[in-house]
1. Against the conditions (1) surrounded by 15 or more Cβ atoms within 10 Å (Cβ to Cβ); (2) in contact (Cβ under 8 Å) with a residue 12 or more places away in the chain; (3) within 22 Å of the chain's Cα centre (by Cα), where does residue 91 fall short? Just the number, please.
2. I'd like the full set of residues that are farther than 14 Å from residue 229 by Cβ and touching a residue at least 12 places away in the same chain (Cβ under 8 Å), limited to region 170-181.
3. Picking from 45, 11, which residue would you name as being more than 22 Å from the chain's Cα centre (by Cα) and either assigned to a loop (DSSP other than H, G, I, E, B) or surrounded by 14 or more Cβ atoms within 10 Å (Cβ to Cβ) (or both)?
4. Any idea which residue in region 60-87 is surrounded by the most Cβ atoms within 10 Å (Cβ to Cβ), counting only those that are in a helix (DSSP H, G or I) and over 24 Å from the mean Cα position of the chain (by Cα)?
5. In region 102-117, which residues are more than 15 Å from residue 383 (Cα to Cα) and touching a helix residue (DSSP H, G or I) at 6+ places or on another chain (Cβ under 6 Å)?
């Protein structure tokens with residue numbers, strides 16, 4: 001194997017391993033993760049420069065998602081003029097700039113050096129997540145995996161474990177298919193065990209998408225019948241296997257009522273407050289990263305023990321308050337990825353077999369991320385940005401290598 005291929009794969013591994021690195025004395029693990037993400041991107045840029053790969057990098061920069069993200073960054077800088085705390089704006093800006101570099105560099109590395117290696121790593125790390133959460137459950141610890149939050153743990157695991165479907169669709173080996181089914185079943189059981197409402201909704205949508213593709217593209221997705229087995233089996237095993245399991249599922253379903261779920265009530269309040277803030281300053285917002293400061297003005301009657309609301313639990317509404325119309329370009333960045341995926345549905349018959357399997361995985365991953373970004377704050381979490389960048393990397397790799405017609 002050539003040295004440049006070894007180095008590139010090592011850099012890809014470094015990116016995906018960031019969420020699993022130990023704490024360095026900080027209270028919130030994301031502090032060191034953002035710093036390490038920037039370091040890995042810097043090393044990757046040096047590698048790409050000396051390997052004359054900057055041409056492909058610039059080719060990726062010209063794609064619509066990257067253009068939308070770059071425009072969002074420009075509006076973010078303009079929002080500094082409205083900031084009460086410029087330091088917070090700078091910190092937040094460099095986090096988004098790190099994501100900007102990530103979604104350019106990772107696809108560049110992957111497009112030249114085999115996207116299958118990235119898929120393999122995602123599957124391996126999904127297994128690590130499963131083992132970690134099962135261990136936490138065994139020892140009576142909070143079920144947060146390596147993320148620090150149960151909602152993030154659920155979304156991250158589901159996004160990575162979706163790539164197990166690649167094994168089912170691409171290979172006819174019965175042993176590899178059985179292994180993939182077992183691991184998929186395990187991941188769904190873990191998400192059910194965590195009891196995250198967003199996780200439960202995501203599993204339901206995965207089931208619906210699989211059914212839709214069976215109905216409308218049955219000649220292509222005959223294996224969807226196999227892919228549905230882990231969902232049905234995991235729910236069956238989970239509900240009969242543990243009393244806690246059945247309670248978590250039922251609680252997650254019952255809490256869909258706004259009157260019974262303080263979490264949803266709080267989120268609706270945050271959305272209302274951020275929207276009110278936007279209408280007070282619609283052009284440039286209150287300054288990137290300043291919602292944690294401005295929220296005190298709105299949420300002080302509801303604050304307990306001086307706990308300040310850092311996030312609105314909706315990336316788009318929070319950015320709307322912070323950057324004004326700049327948030328539109330961030331939303332366009334996300335939607336342009338989804339549009340690229342969904343518009344291929346009618347043309348799947350003309351696509352390569354690789355893309356047919358990746359298309360379904362991409363749909364599922366995109367929906368999971370979009371749900372999470374509307375209910376939580378994945379933009380603030382390195383692990384979720386790595387998952388999103390991995391999805392983009394696989395799609396761009398197929399595109400640049402001519403596997404999308």
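FYI, it's all coordinate maths here, none of it is from the lab. Here the structure is a predicted model, which means the values were calculated and not measured. Please note: Cβ atoms are built from the backbone with ideal geometry, for glycine as well, and neighbour counts cover all protein chains shown.
1. (1)
2. Across region 170-181, the qualifying residue is only 170.
3. Matching residue, one of 45, 11: 45.
4. 79
5. Across region 102-117, the qualifying residues are 104, 105, 107, 108, 109, 110, 111, 113, 115, 117.
Quick grid of which residues meet (1) closer than 27 Å to residue 157 by Cα; (2) touching a residue at least 60 places away in the same chain (Cβ under 8 Å):
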site: 2; (1), (2): no, no
site: 8; (1), (2): yes, yes
site: 12; (1), (2): yes, yes
site: 15; (1), (2): yes, yes
site: 20; (1), (2): yes, yes
site: 33; (1), (2): yes, yes
site: 37; (1), (2): yes, yes
site: 61; (1), (2): no, no
site: 68; (1), (2): no, yes
